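The values are calculated or read from the model by the stated rules, or taken from the named source; none is laboratory data. Everything numeric in this text was worked out from a predicted model, so none of it was measured. A quick note on method: Cβ atoms are made from the backbone with ideal geometry, for glycine too, and the neighbour counts reach across all protein chains shown.
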Amino acid sequence: MSERLSDAEIDAKLSDDWTRDGDEIVRTYEFDSYLAGVGFASGVGGIAQEAYHHPEITISWQAVEVRFTTHDVGAITQRDIDLAARCDSLFDS
């Protein structure tokens with residue numbers, strides 16, 4: 001099981017593109033079209049399934065919001081930070 005990160009650890013490790021909302025990290029990705037966002041969300045789903053660490057994903061017109069937390073710990077862990085970075089890499093590719 002992953003260990004809870006301190007506020008200082010989260011601040012040091014989390015990309016500036018992500019924000020905190022309580023015990024979750026959140027980023028909204030913007031797209032030129034709805035289908036581009038759906039494709040990205042599908043990619044995030046694949047990454048999440050591979051890691052067996054599933055975010056909340058909200059798809060809207062030209063935007064996809066991704067939220068990570070480690071439910072069994074009830075906090076933000078290194079797993080959340082790692083998957084956030086993988087989402088960012090997918091978006092940048």
Hey, I10 closer than 14 Å to R86 by Cα and part of a helix (DSSP H, G or I) or not: no
Number of positions in segment 36-58 that are farther than 12 Å from T70 by Cα and acidic (D, E): 1
Pair list, Cβ under 6 Å, 6 or more apart: segment 34-55 residue on the phi > 0 side of the Ramachandran plot and modelled with pLDDT under 95, other residue assigned to a helix (DSSP H, G or I) and of a type in the set (F, W, Y): none
Matching residues, segment 68-91, being touching a Pro at 6+ places or on another chain (Cβ under 9 Å) and either over 10 Å from W18 (Cβ atoms) or among the polar types (S, T, N, Q) (or both): T69, L83
Candidate set: segment 42-68, residues that are within 21 Å of L14 (Cβ to Cβ) and of a type in the set (A, V, I, L, M); chosen: the one nearest to the chain's Cα centre (by Cα): V66
Selection within segment 79-93 - over 14 Å from S15 (Cβ atoms) and either of a type in the set (K, R) or in contact (Cβ under 8 Å) with a residue 40 or more places away in the chain (or both): R79
Failed condition for E3, given (1) modelled with pLDDT under 95; (2) within 15 Å of F91 (Cα to Cα); (3) not aromatic (F, W, Y): (2)
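Do we have R20 as in contact with an Asp or Glu (Cβ under 6 Å, 6 or more places away or on another chain) and assigned to a strand (DSSP E or B) here?
no
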Candidate set from segment 1-32 (those that are in contact (Cβ under 8 Å) with a residue 24 or more places away in the chain and hydrophobic (A, V, I, L, M, F, W, C)); member that is surrounded by the fewest Cβ atoms within 10 Å (Cβ to Cβ): M1
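Against the definition (under 15 Å from I76 (Cβ atoms) and of a type in the set (A, V, I, L, M)), how does I25 come out, yes or no?
yes
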